[in-house]
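The values are calculated or read from the model by the stated rules, or taken from the named source; none is laboratory data. Treat the numbers as computed from the prediction; the structure is a model and nothing was measured. Positions of Cβ are backbone-derived with ideal geometry, glycine not excepted, and every protein chain shown enters the neighbour counts. In case anyone asks, the SASA skips ligands and DNA or RNA and just uses the protein heavy atoms, side chains included. Shrake-Rupley method; radii C 1.70, N 1.55, O 1.52, S 1.80 Å.
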Amino acid sequence: MSSLFLTSYCMRYTPSAWHLGMGDMQIMPGSRHRPPMKRPMWIIVLVSLVSMLLICAYVYPPRSHSACYVFSSRGCKAFTDWLPPIPAREYTDAEIASRVVIKEILSMPPTQSRNPKLAFMFLTRGSLPFEMLWDKFFHGHEGRFSVYVHASKERPIHVSRYFVNQDIHSEKVIWGKISMVDAEKRLLAHALKDPDNQHFVLLSDSCVPLYKFDHVYNYLMYTNISYVDSFEDPGPHGNGRYSEHMLPEIEMSDFRKGAQWFSMKRQHALIVMADNLYYSKFKDYCKPGLEGRNCIADEHYLPTFFHIIDPGGIANWSVTHVDWSEAKWHPKSYRAQDVNFELLKNITSIDVSVHVTSDERKERQVRPCLWNGMQRPCYLFARKFYPEAVDNLMFLFSNYPTI
Ligand SMILES: *[C@@H]1O[C@H](CO)[C@@H](O)[C@H](O)[C@H]1NC(C)=O
Ligand SMILES: *[C@@H]1O[C@H](CO)[C@@H](O)[C@H](O)[C@H]1NC(C)=O
Ligand SMILES: *[C@@H]1O[C@H](CO)[C@@H](O)[C@H](O)[C@H]1NC(C)=O
């Protein structure tokens with residue numbers, strides 16, 4: 001029964017090996033005429049079947065668990081481990097080079113720092129409406145964080161000492177284009193210069209913190225993954241933006257979507273710096289209006305990149321909350337009157353991540369938010385708030401010990 005099973009397995013997946021086997025069978029009858037070897041035909045057939053099976057099993061090791069039971073469930077892992085892995089296709093030179101660098105960076109032990117810091121990277125147009133709220137958030141925690149501001153439109157006027165002189169060189173950012181990703185990379189590069197920075201958070205000018213500093217620090221510093229939002233959307237706003245020019249390195253089945261507001265550990269930030277291969281694919285083939293598609297580089301590059309190179313190393317959700325429930329072109333923005341303790345309580349009690357596909361099925365993908373394997377609330381920051389909400393936020397932040 002088991003040989004029959006594997007023979008059909010071979011026939012389905014390895015036509016060339018099957019023909020090889022048939023060839024062997026045709027040669028075998030010749031040896032039958034040697035006098036000492038007179039044996040019934042069935043032994044020869046059996047022997048050739050068994051050798052075919054072995055050749056087949058060697059060249060095409062069973063990779064699914066259903067095929068494994070032939071070799072017993074315990075022997076299976078060792079058996080497949082012993083065989084070289086077979087890639088689905090041959091990697092390009094650029095891919096081999098890229099993978100070897102990424103693998104090396106991922107296998108390095110994290111750099112030890114006696115004074116680990118969180119890097120807060122603000123991607124803004126100009127001045128930050130919530131700078132005084134952040135000032136309150138940072139106060140008393142000097143030495144455990146760094147601040148970087150990339151202002152793409154006008155030079156910000158800073159009102160908090162934590163932000164003064166923290167502007168980095170900036171360039172114009174065009175919505176949807178790779179210049180948005182370039183600004184993110186510029187922030188990462190500047191933040192990486194400080195070896196104490198161990199975790200890197202990207203924030204916008206409409207983002208606010210949901211907790212006190214210590215909570216955010218412990219959540220991000222003691223996690224073993226990066227919070228990069230990433231999900232598969234078969235609809236027009238997901239795979240509909242994919243271009244076959246991204247082949248062979250990026251197949252449609254690897255194309256992902258996610259919000260740009262990430263937080264990542266140092267190794268992942270380094271990998272983003274090291275990548276040129278996947279980056280250039282998005283630079284050239286993911287932009288608004290290209291071949292009738294509206295591809296938004298910052299919504300697809302990092303979600304796809306991490307899905308390909310380190311899928312288990314990212315959470316697949318972002319620690320920055322945003323409310324898309326109104327299903328409009330823009331997310332819900334909170335006015336002063338919307339901001340109260342109940343709103344913040346609601347946001348900070350969410351402990352599942354929800355993604356909705358953009359096809360007609362509108363499938364809701366709901367997953368628990370796991371922090372080092374434990375289910376915990378997902379969000380540390382939230383957007384989008386109108387500047388007028390600042391007073392209410394400052395009041396809540398000062399008066400509620402839990403926030
Ligand atoms: C994120 O999603 C990928 C599939 O795209 C999965 O392999 C990975 O385990 C997920 N990460 C976590 C932390 O669950
Ligand atoms: C908080 O959540 C409850 C239950 O989902 C909802 O009824 C209420 O309107 C929410 N409040 C705010 C301020 O969002
Ligand atoms: C992170 O920690 C959890 C719980 O210990 C573990 O299950 C998971 O595999 C770890 N992930 C990585 C990428 O190390």
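Would you be able to say whether some residue in region 264-280 is at pLDDT 95 or above and under 30 Å from A327 (Cα atoms)? Checked region 264-280: at least one residue is at pLDDT 95 or above and under 30 Å from A327 (Cα atoms). For the condition crowded, with 21+ Cβ neighbours inside 10 Å and on the phi > 0 side of the Ramachandran plot, N372 does not qualify.
Looking only at region 243-275, which residues are outside any helix (DSSP H, G or I) and aliphatic (A, V, I, L, M)?
Across region 243-275, the qualifying residues are L247, I250, A259, M264.
Applying the set (1) away from ligand 1 (no atom under 16 Å from the Cβ); (2) in contact with a Gly (Cβ under 7 Å, 6 or more places away or on another chain); (3) among the β-branched types (V, I, T) to T320 leaves exactly one unmet item: (2).
Considering each of R186, R256 in turn, give the residue that is among the charged types (D, E, K, R) and within 23 Å of V352 (Cα to Cα). Lay out the reasoning, then the answer.
Working: R186 fails: within 23 Å of V352 (Cα to Cα).
Testing whether each residue is among the charged types (D, E, K, R) and within 23 Å of V352 (Cα to Cα) leaves just R256.
Might you let me know whether region 339-354 holds any residue that is away from ligand 2 (no atom under 12 Å from the Cβ), open to solvent by 30 Å² or more (accessible area, probe 1.4 Å), within 26 Å of F200 (Cβ to Cβ) and part of a strand (DSSP E or B)? Yes, there is a match, as at least one residue in region 339-354 is away from ligand 2 (no atom under 12 Å from the Cβ), open to solvent by 30 Å² or more (accessible area, probe 1.4 Å), within 26 Å of F200 (Cβ to Cβ) and part of a strand (DSSP E or B).
Is there a residue being surrounded by fewer than 12 Cβ atoms within 10 Å (Cβ to Cβ) and under 20 Å from the mean Cα position of the chain (by Cα) anywhere in region 115-123?
No: zero hits.
Being of a type in the set (S, T, Y) and under 11 Å from I314 (Cβ atoms) is the filter here; which residues of region 224-244 pass it? Scanning region 224-244 gives S226, Y227, S230. Condition check for H139 on (1) at negative phi; (2) at pLDDT below 60: one failure, at (2). Restricting region 171-203 to residues that are open to solvent by less than 10 Å² (accessible area, probe 1.4 Å) and of a type in the set (V, I, T) leaves a set whose member that is nearest to E154 (Cα to Cα) is V181.
Restricting region 349-403 to residues that are over 22 Å from H330 (Cβ atoms) and touching an Asp or Glu at 6+ places or on another chain (Cβ under 8 Å) leaves a set whose member that is farthest from ligand 1 (Cβ to nearest atom) is P377. Of the residues that sit in region 174-222 and are without any contact (Cβ under 8 Å) to a residue 24 or more places away in the chain and part of a loop (DSSP other than H, G, I, E, B), which one is farthest from A259 (Cα to Cα)? Only one residue tops the list, namely K193. Against the criterion of being within 25 Å of N218 (Cβ to Cβ), away from ligand 3 (no atom under 16 Å from the Cβ) and either open to solvent by less than 10 Å² (accessible area, probe 1.4 Å) or out of contact with any strand residue (DSSP E or B) (no Cβ under 7 Å at 6 or more places or on another chain) (or both), K328 does not qualify.
Out of M264, M252, M246, one residue alone is within 16 Å of ligand 1 (Cβ to nearest atom) and open to solvent by less than 10 Å² (accessible area, probe 1.4 Å). It is M264.
Mind listing just one residue for me: the one in region 267-283 that is more than 13 Å from S98 (Cα to Cα) and over 15 Å from the mean Cα position of the chain (by Cα) and, of those, surrounded by the fewest Cβ atoms within 10 Å (Cβ to Cβ)? Residue satisfying both the conditions and the ranking: K283. Considered as a group, the residues in region 289-315 that are part of a strand (DSSP E or B) and crowded, with 19+ Cβ neighbours inside 10 Å include one that is nearest to ligand 2 (Cβ to nearest atom), and that residue is A315. Out of the residues in region 355-367 meeting the condition of being assigned to a strand (DSSP E or B) and exposed (fewer than 13 other Cβ atoms within 10 Å of the Cβ), tell me which one is nearest to ligand 3 (Cβ to nearest atom). For region 355-367, the residue satisfying everything is V366.
Return yes when F395 is open to solvent by less than 30 Å² (accessible area, probe 1.4 Å) and farther than 22 Å from K257 by Cα and no when it is not. Judged against the criteria, F395 is not a match.
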